[in-house]
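Student: Below are the structure tokens for one structure; questions will follow.
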Amino acid sequence: MKESEAQRQILDYLALGHICHYWNNSGMMVNEYKGRKSFTRFGAVGSPDIIAVVDGQYVGIEIKGHGGNQSEYQKAFQVRLEDERGDGGFRGVSAALQNRCSPSLSLG
């Protein structure tokens, strides 16, 4: 399954379940003005693709297509989140809707 397909399924699932969430757009773009290029970065480096709140708990969902892996920035973000929260904060890595979160956390 393509990452974009999994993302659409997860966003649809969260919306159908009336779960507070948003797509976390992050990346970089190149601007050009009067022949000069500049770069604009938006979003936190390594942050997950989708942010949700389930029963008051932060849920970060990093979506990966078939065979995809977290980048070093994404792994570092996850470690920082888990260390700072200290209360079992969760950040899932998903390739498809059926493995969207840990078995101990129900989104429904």
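The values are calculated or read from the model by the stated rules, or taken from the named source; none is laboratory data. For clarity, every value in this text was computed on a predicted model and none was experimentally measured. All Cβ positions, glycine included, derive from the backbone under ideal geometry; neighbour counts span all protein chains shown.
Student: In this structure, does SER4 turn out to be small (Gly, Ala, Ser) and touching a strand residue (DSSP E or B) at 6+ places or on another chain (Cβ under 6 Å)?
Tutor: When the stated conditions are applied, SER4 does not pass them.
Student: Only one of these is exposed (fewer than 12 other Cβ atoms within 10 Å of the Cβ), among the aromatic types (Phe, Trp, Tyr) and modelled with pLDDT of 85 or more: PHE77, PHE39. Name it.
Tutor: When all the criteria are applied, what remains is PHE39.
Student: Between TYR58, TYR13, which is at pLDDT 85 or above and hydroxyl-bearing (Ser, Thr, Tyr)?
Tutor: Going through TYR58, TYR13 in turn, just one is at pLDDT 85 or above and hydroxyl-bearing (Ser, Thr, Tyr): TYR13.
Student: Something else about it: Is at least one residue of the range 61-72 touching a residue at least 40 places away in the same chain (Cβ under 8 Å), out of contact with any strand residue (DSSP E or B) (no Cβ under 6 Å at 6 or more places or on another chain), assigned to a strand (DSSP E or B) and aliphatic (A, V, I, L, M)?
Tutor: No, there is no match, as no residue in the range 61-72 is touching a residue at least 40 places away in the same chain (Cβ under 8 Å), out of contact with any strand residue (DSSP E or B) (no Cβ under 6 Å at 6 or more places or on another chain), assigned to a strand (DSSP E or B) and aliphatic (A, V, I, L, M).
Student: Something else about it: Would you be able to say whether some residue in the range 46-62 is among the acidic types (Asp, Glu) and touching a Pro at 6+ places or on another chain (Cβ under 9 Å)? Steps first, answer last, please.
Tutor: Applying the first criterion (among the acidic types (Asp, Glu)) to the range 46-62 yields 49, 55, 62.
Filter again for touching a Pro at 6+ places or on another chain (Cβ under 9 Å), leaving 62.
Yes, some residue in the range 46-62 is among the acidic types (Asp, Glu) and touching a Pro at 6+ places or on another chain (Cβ under 9 Å).
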